[in-house]
Structure formats: C-alpha cells, structure tokens
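Here the structure comes first, spelled out in structure tokens, and everything after it is commentary.
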Amino acid sequence: MLQGSGRCHYHPDRAGLGICVECRRVICRECTTQFEGINRCASCLQKRLKVLEGPTERRDWSAGNVVLALLSGGIVYGGFRLLVELVGR
C-alpha cells in the first residue's frame, strides 16, 4: 500500500475510514476500534491495553536471582563481622 493512498493498510482493497493515532496508518471500518475516544488499529490497541494492564506477575526465582541473593547475604554478613571486629577492639 502506498502512503496517502486512502486505502486500508491491512486491507488494500478497501477504502480507508480513518487514521490510527498511534501508527498513523490508514484503516478501514473493520480495522478501526475506538478506545478512550480515539481511533486505533488492532495492533496498536493491543499494545495500549498491555501498557494499561501494568507489570506482569512476578515469576519464580532464576539462577541469577539466587546467585545475587547469596552474594548480597554474604556482603551483609561480612559487614556485620567487620562491625563486630571494629567495635570489639
């Protein structure tokens, strides 16, 4: 599809009805979805809804997380040992 042709980006055989505010592509009636009072195509609407859902649920610990937790615990333990040595003198 040529830019500015007035044909739907996803259905080149159909006339464009509007323009997606996110990607600026011409879209037909079937491809237009109004969300929050604004026309968006299906792919941009999906991206927008994903942003609105918020962060994903926390997953199980990975090997990197375990190593980081062990190193952090070792640093804290070493700090306490150093503090006890300094106070004991």
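The table that follows gives values for the structure above.
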{"read-out": "Whole-Å semi-axes of the chain's equivalent ellipsoid (Cα gyration tensor)", "value": "59, 12, 12"}
{"read-out": "Rounded tilt (10° steps) of 42-53 against the dominant C-alpha axis of the chain", "value": "30 degrees"}
{"read-out": "Label point at L82 placed 7 Å out along Cα→Cβ; residues across the stretch 28-66 whose backbone nitrogen lies under 15 Å", "value": "none"}
{"read-out": "Within the chain, helix-based [θ] at 222 nm, where runs of 4 or more DSSP H residues each add -39,500 (n - 2.57), nearest 500", "value": "-14500 deg cm²/dmol"}
{"read-out": "The stretch 50-89, Cα convex hull volume normalised per residue, Å³", "value": "92 Å³"}
{"read-out": "C-alpha long axis of helix 63-88 to longest principal axis of the chain, angle in °", "value": "30 degrees"}
{"read-out": "Choice from L71, L52, L17 with maximal GNM fluctuation in the chain (Cα, 10 Å cutoff)", "value": "L71"}
{"read-out": "Ordering of 56-65, 42-51, 72-81, 22-31 by burial proxy (mean other Cβ atoms within 10 Å per residue, highest first)", "value": "22-31, 42-51, 72-81, 56-65"}
{"read-out": "Residue-count net charge about H9 - beta-carbon cut-off 11 Å; Lys, Arg +1, Asp, Glu -1", "value": "+4"}
{"read-out": "Potential extension, R89-L52 segment - 0.36 nm per residue separation minus Cα distance", "value": "7.6 nm"}
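Laboratory data are not the source of any read-out in this text; all were calculated from the coordinates shown. Since we're looking at a predicted model, the values are computed, not measured. Neighbour counts are summed over all protein chains in view; Cβ atoms, including those assigned to glycine, are modelled from backbone coordinates with ideal geometry.
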